[in-house]
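Written out below as structure tokens is the structure these notes cover.
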Amino acid sequence: MYKKTVLITAIAALTLNGFSAFAQAHQPKQLHHVKPINDEDNDSVERFKDQLNLTEDQKNQIKAIREKRAAEKADLKNKLKELRLAERTEIDAVLTEEQRALLKEKKEAKEFKHHELKGKRPIQKPE
């Protein structure tokens, strides 16, 4: 009787473990879409300004701070764009022609899938 109970328990544990592994392997991929940074949307002061009960003076001071930093943030955004382009150019120089073609194909397939998941009509399905 004891051996039978142990055997049934072991079979049940292995079966459940197998189902768990199968379920994890077949879960849909989570898309980690990175939204473009919009400081006013992501800033906790902006999100909670109504709950913070800011005075008009505080609102004006915060607005002035944002205006003062706007040009600097725009410059940094442009600099980051330039750095990404330079990085891509350097990496392309390291890759072979075949690797560049494969990378381009993978990027296009990813873009197509992204548009498909978002319900947008892609220009053309990659081959």
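When residues in the stretch 100-118 are screened for being touching a helix residue (DSSP H, G or I) at 6+ places or on another chain (Cβ under 9 Å) and not charged (D, E, K, R), 1 of them pass. Taking the conditions (1) surrounded by 10 or more Cβ atoms within 10 Å (Cβ to Cβ); (2) at pLDDT 75 or above in turn, Glu98 satisfies each one other than (1).
Pick out the one residue from Asp57, Asp75, Asp43 that is farther than 30 Å from Lys113 by Cα and modelled with pLDDT of 95 or more. Testing whether each residue is farther than 30 Å from Lys113 by Cα and modelled with pLDDT of 95 or more leaves just Asp75.
The values are calculated or read from the model by the stated rules, or taken from the named source; none is laboratory data. Only a predicted model underlies this, so the values are computations on that prediction, with no experimental measurement involved. Positions of Cβ are generated from backbone atoms using ideal geometry, with glycine treated the same way; all protein chains shown enter the neighbour counts.
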